[in-house]
Each structure stands twice: as structure tokens, then as C-alpha cells.
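Here, each number is a calculation from the coordinates, and none is a lab measurement. Keep in mind it's a predicted model, so treat the numbers as computed, not measured. For neighbour counting, all protein chains shown are included, and Cβ atoms are generated from backbone atoms with ideal geometry for every residue, glycine included.
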């Protein structure tokens, strides 16, 4: 069985269904003989906020060569269910166990750009689903990575990640645990989790605590790298099936175009029961 922090044995590409092309990318329109006047202009960035001069191509309008997806997700998740028998589990969690189940969940995101492409901006969206519906029946109790990661020393591209007694993620330098947080760590077999994060320059926005919609946005970097997002999921005991609906949007650059944005179709990843 795959341990937390390890690479997943399989990744499936996220299918591209929409392509955003800046008007200034004249070479794209000329090379693929795209008639700009017949295509849809958009005023908002695919990442939110204004972005001038964008044309949106739907799936059937995208040239085959540009449909190539360099982002893939693992078809399964690594999941550790919290039983309630864990020594030292916080009282705030114990009080809710009659109504909720908790799961530590690791998803897998692989990015295959090679030397030909780079991704300087990346948005990963996850919709938690309980019995095939996005609702408050399944929400993120905590998530990682998030802003706090910038205050942690990265050792050989790795961070130690421990689950606290309140089921939140506590990062620390790889192989080290500060004495002041030892008493906060839940003594379970998955601690510590090896979290790979080899950036030297980046910005990260993350949101979704206590929500069924979660996102990670990584930007202001040379090239986004593969990583394994983590969640602690809180689900109502009445929910029989928990899953994550994963989509991505990413800005991609190459030697002959400076900025295209690809949007993918969703991929559903089962969380519980395990497959």
C-alpha cells in the first residue's frame, strides 16, 4: 500500500476542454489558421479578475496539438480514517464523533512539462462530494499546502508534516520537530508525512477550510511542480460515499508562445470507501 508522501503509481491526464489565447499571440492564430473575428472574446482572467485581450476556444475549436494536457491526477487517493480511538485526540474533535467521520486524504497531482513548456501559474480546484453531491455533508477541516509553508525551512526539497490532535497539519523542517509542538502531535502511524516542495520563489493562495470547495493557486514562479495536496475531511456519518472532483487551470509557456491558459474537465477521485 502506498504511504503518505510517496508518488502515486498511476496518474491520469486531465482533459483540456477550453483554451484561452491572448489576442497578441498572432503566431498561434496564423499557424493554426484561426479566424479571430469568429471566436469568443472574454474580459475576465481564467484565474479571476480582469485580463485584457483574451479569446476563448471551446473544445471543438482547439487545434489537436494544443489539446495536449501536461497535468494529471492520481485516480485514487491515499486515505487514513480517524477511528476516535487515537490517544490524545482533542476534546473538540471527540465531541463531534457521534455525528461526523474524519479522514486524512492525500491527492496526487503530476505535472509533465519537461524542457519544452513551463507553467508559471496554476489553479487546482477540488469539490468535495457526499453521495455524488457537493454539500456541507463533506467539507475540508484543514488543508495543505497553505501560506504557512513559506515560514518553514525546506530541507532537500522536503518538509515534515504532522497531524495535530485537533486534526490540523503542522509543518516543520524535514527530519525535525520543534520541542514546542511535540505535545500537539497526534501519535499515529502516518506521522510524520514527507511533503515534497522544491520551490525557491513562489506565491501560494489556498482556501476552503470548513467548505466543500477548496482551491490552491500557485503563481509568481518559474514552473509549477508536482505535489500531493492534503486534506482532513469531515463528513456526516449519514454520507455513504465521499469523493473529490478535481479540475485545473494553468498558464503554459513555450519557446514559441508566451502565454496560453488551459482549463480541464473534472476528474472524480474516490475517497471513501476505498477502492
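Of note:
- Tail beyond 31 Å, pair distance distribution of the chain (Cα, percent): 31
- Stokes-Einstein translational diffusion, the range 19-158 - Kirkwood Rh over all Cα pairs, 1.002 mPa s, 20 °C, in µm²/s: 108
- In the range 156-199, inverting the average of 1/r over every pair of distinct C-alpha atoms gives 10.5 Å as the Kirkwood radius.
- Exposure proxy shown here: for 269, 42, the number of other Cβ atoms within 10 Å sets the order, fewest to most, as 42, 269.
- Kirkwood hydrodynamic radius (C-alpha pairs) into Stokes-Einstein, the range 196-251, 10 °C and 1.306 mPa s, D in µm²/s: 116
- Burial ordering of 106, 87, fewest other beta-carbon atoms within 10 Å first: 87, 106
- Calculated FRET value between residue 158 and residue 33, using beta carbons and R₀ = 51 Å, to 0.05: 0.60
- Pairs of Cα atoms farther than 23 Å apart, the range 108-194, %: 41
- Most mobile of 114, 157, 88 in a GNM of the chain (Cα contacts under 10 Å): 114
- Stokes-Einstein translational diffusion, the range 134-256 - Kirkwood Rh over all Cα pairs, 1.567 mPa s, 4 °C, in µm²/s: 81
- Each helix, a run of at least 4 DSSP H residues, gives -39500 (n - 2.57); summed and divided by the residues of the chain, these come to -500 deg cm²/dmol at 222 nm.
- Legend: ranking of residues 57, 161 from fewest to most surrounding C-beta atoms inside 10 Å; resulting order 57, 161.
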